[in-house]
Amino acid sequence: IGRMARAERAPEAMPEARAMAAATAHPDLFGFIVREVATGAIIVSIRGTLVPEEWLRNFTVIPAEYSFLPDFGTTHLGFRLVYAGVRASIQQGLSTVPPNARVTVVGHSLGGAMATLAGPDVKRNFNRPNVDLCTFGGPRVGKPDFRGKFNAEIARCYRATNQFDIVPQVPSIITGWMHVGEEV
């Protein structure tokens, strides 16, 4: 794909290109929140693993309570710590959005794990009744107790996977880690 002259670029595509460039230059940026003008629907998009410190968190496979909601089950401590680091910015980004707006949380790889943790938190703690989820190549995030509570709370959750991708296979199901939602 070649370069286009500045006048040939679609103006509406430029903000997305700038956001992608910023994420590459600033690994502390984990995603963005956008609003569809026609419907008012919101997308919270969370990126995958980018820097070595995040890879280390990916391998912190220590079961820990999902601390954002009491009695909601056991989750992956490493993923929970990374999500905790972006939680306030998601809450701030949603603070000006009408409460009944549909919120779709999407994520890829590590972002899929964070999206999974964000779903019930956004729905209950940020008072957003219309939350759904879509992940791409995300890992397993919780134990059976979390899975049961998550599936009861988030009615629409789709996980897009590729049979040759290792990430959806970790942590191992043999050790009791489970996926949520419906695999696509």
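Rule-based calculations on the coordinates, nothing more; no lab input. Keep in mind the model is a prediction, meaning the values are calculated, not measured. Note that we place each Cβ from the backbone using ideal geometry, even for glycine, and neighbour counts take in every protein chain shown.
Worth pointing out:
- Selection of chymotrypsin sites (Phe, Trp or Tyr not before Pro), the range 120-165, meeting DSSP coil and at most 13 other Cβ within 10 Å: Phe164
- Taking the alpha carbon gyration tensor of the range 81-184, multiplying each eigenvalue by 5 and rooting it gives semi-axes of 24, 13, 13 Å, largest first.
- Here the Karplus relation 6.51 cos²θ - 1.76 cosθ + 1.60, evaluated at θ = phi - 60°, turns the backbone of the range 104-117 into coupling constants of 10, 9, 10, x, 10, 6, 4, x, x, 5, 5, 4, 4, 5 Hz, with x for every Gly and Pro.
- Ratio of Rg to Rh over the range 108-149 (Cα coordinates, Kirkwood Rh, two decimals): 0.98
- Formal net charge of residues neighbouring Thr96 (Cβ-Cβ distance under 14 Å; K, R +1; D, E -1): +2
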